[in-house]
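For reference, the structure is listed below as structure tokens.
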């Protein structure tokens, strides 16, 4: 799936979202957990940007920062050129219409005391849209996501996981957003249901011209839907390329390891499975230099002393590795 | 249920539908559904009967709770005095009926006042948390550390005796109790993903508190309210007993009870009849509370 390069819809510039750590009886500030550490990239209008990485790499925090559910310490999030971190009050409410979310937890993200009509129409109700107009839009939306009008008076707990995710999608669409942060939207679903929800997301993108930030840990799911993919490790973006390039020619050793862990990839690509040793280092005390060096089979002295910047190793293919060219030779 | 008369909706997608779908009645069916809940129906029945007696009896017969008859003191129940008479020869039926109105209204006043103020404080502290929440909850802890009767006495002493002041005094005991319960529940709800979802939709704090947090902490509030409706009656009686609250000769169930206990060995009817009404009232209210708690939670299956 590739599209012509479009204009930028959302751009992150040096985004840093840190969580303060407190210790001791007086809860004194003892350090920072750098969940997102100096991340910059741009998402183009109409594309699906996949964001992958292991649990705890900061991809969810990054999504939550864009949704203004976390407050970043530094950096800018430009949406259509406007820094949304600087927005407040009614301006923020207006921006929120354009940026919506689909959550992983289909159970917890739907209020158990609201029926589908109230759930899906909530965004419109918040905006002050009148009852009749709201009902009309909700009735249209429930069918758009593949459920039926008869379901509108029921409650979320009466539906299966896949159906609940459809409800969540309808709710996100209600305010006619331009951009949707989908945080692991299918990882809690059965395999058979996953593809249905992915197809729905893909259809909706075409129908409504949506742009997605698709966050997942499952690379095969990301490959299916994404135009471009970013790889995160310990709060940093370590590789960024079109989905095709990334899967065919990963330049960062971490990405290579991640891809080789996809079931069946040995057979498909002929590349041997790379088994990483050791655990992910703590994001509270990340390693010096390259964050991946403690588990990297190619690490040398320079990796400990100098942090590799994200650089364009090939047109539109960015990697943060001192040996990105060598890594390619080795993997080939 | 009428919803089942409509045709069963078709599955949406072959493998993604049907499982886990149950029929839920629309919201306007609420009362009808609630009445099928046995304890709710029983509680409502008991409370309706009590209300009927308290409202209708004075309309059907002239009741004077203060009329004394020195020739008929401690008369046992008879056709002339359905519930007997007390030490002044006052008709107990008149006193129970008229006193019941005072008691029921005062109890409602206590839980409404204490509940609204306490829940509001708890919601604010629980939702916003931080330094504000911490400060509020330490105040609540301070109030909770006082024995309830001491708090009520202090407030009564400041405001002076009287039924209204008594209600305020007892509501003051309830405020920290509600605040503590609601704060705990609100903290829990605040961190649930659907609150994030509402924030993403542009909801204000007020919207989230009223539309998401309050409905989801309401089961606890309802149970606490129905429990305290009964306890409030006893507190009002206690205040009356020590000279604050309701002043004699105004009849009130609690006051009649504490008065009648002096004569329980020679005139059981003075305590038994108001006691019976008080107990029935408390039981009825609690049954309603159980039913409401179940019915207001759509995730609890009724089948």
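Values quoted throughout were computed directly from the atomic coordinates according to the rules given, and no laboratory measurement underlies them. Only a predicted model underlies this, so the values are computations on that prediction, with no experimental measurement involved. Here Cβ is always computed from backbone atoms with ideal geometry, including for glycine, and neighbour counts include all displayed protein chains.
What to note about this one:
- The relative contact order of the range A:250-332, computed from alpha carbon pairs under 8 Å that lie at least 6 residues apart in sequence, is 30 percent.
- Between helix B:92-128 and chain B there is an angle of about 30 degrees, using the helix long axis and the longest principal axis of the Cα atoms.
- Estimated from helices alone, the mean residue ellipticity of chain B at 222 nm is -22000 deg cm²/dmol (sum of -39500 (n - 2.57) over DSSP H runs with n ≥ 4, per residue).
- Average beta-carbon neighbours from other chains, 10 Å sphere, peptide A:134-147: 1
- Note on the range A:254-296 and the range A:42-92: Cα centroid distance 26 Å, given to the nearest whole angstrom.
- Cβ-to-Cβ counts within 10 Å put A:29, A:276, A:62 in ascending order as A:29, A:276, A:62, the fewest first.
- With respect to chain B, whose longest principal axis is taken over its alpha-carbon atoms, helix B:148-159 is tilted by about 70°.
- Gaussian network model of chain B, springs between alpha carbon atoms under 10 Å - residue of B:251, B:219, B:147 with greatest fluctuation: B:147
- Between residue A:92 and residue B:87, the C-beta separation translates, for a Förster distance of 60 Å, into a calculated FRET efficiency of about 0.25.
- Between residue B:266 and residue A:32, the C-beta separation translates, for a Förster distance of 51 Å, into a calculated FRET efficiency of about 0.05.
- Of the residues B:212, B:191, B:81, the one that moves most in a GNM of chain B with alpha-carbon contacts below 10 Å is B:191.
- Net length gained if the chain between residue B:205 and residue B:134 were fully extended (0.36 nm per residue, minus Cα distance): 23.7 nm
- Between 0 and 90 degrees, the angle of helix B:214-241 with respect to the longest Cα principal axis of chain B falls at about 10 degrees.
- Measuring nothing but how far apart in sequence close Cα pairs (under 8 Å, 6+ apart) lie, relative to its length, the range A:82-187 scores a relative contact order of 45 percent.
- Shielding score for A:98-105, defined as the mean number of other chain Cβ atoms within 10 Å: 3
- Ellipticity at 222 nm from helices only: DSSP H runs of n ≥ 4 in chain A, each -39500 (n - 2.57), divided by the residue count, give -10000 deg cm²/dmol.
- Averaged over the residues of B:199-211, the number of partner chain Cβ atoms lying within 10 Å of the residue Cβ comes to 5.
- Of all DSSP beta bridges confined to the range A:8-226, the antiparallel ones make up roughly 60%.
- The range A:250-332: C-alpha gyration tensor shape, a/c 1.5 cut-off, then a/b vs b/c: oblate
- Summarising the strand pairing of the protein assembly as shown, around 65 percent of its internal DSSP beta bridges are antiparallel.
- Using a simple spin-label model with pseudo-atoms 7 Å out from Cα toward Cβ, residue A:143 and residue B:56 lie 5.3 nm apart.
- Sorting B:95-101, A:81-87 by their mean Cβ neighbour count within 10 Å, with the most densely packed peptide first, gives B:95-101, A:81-87.
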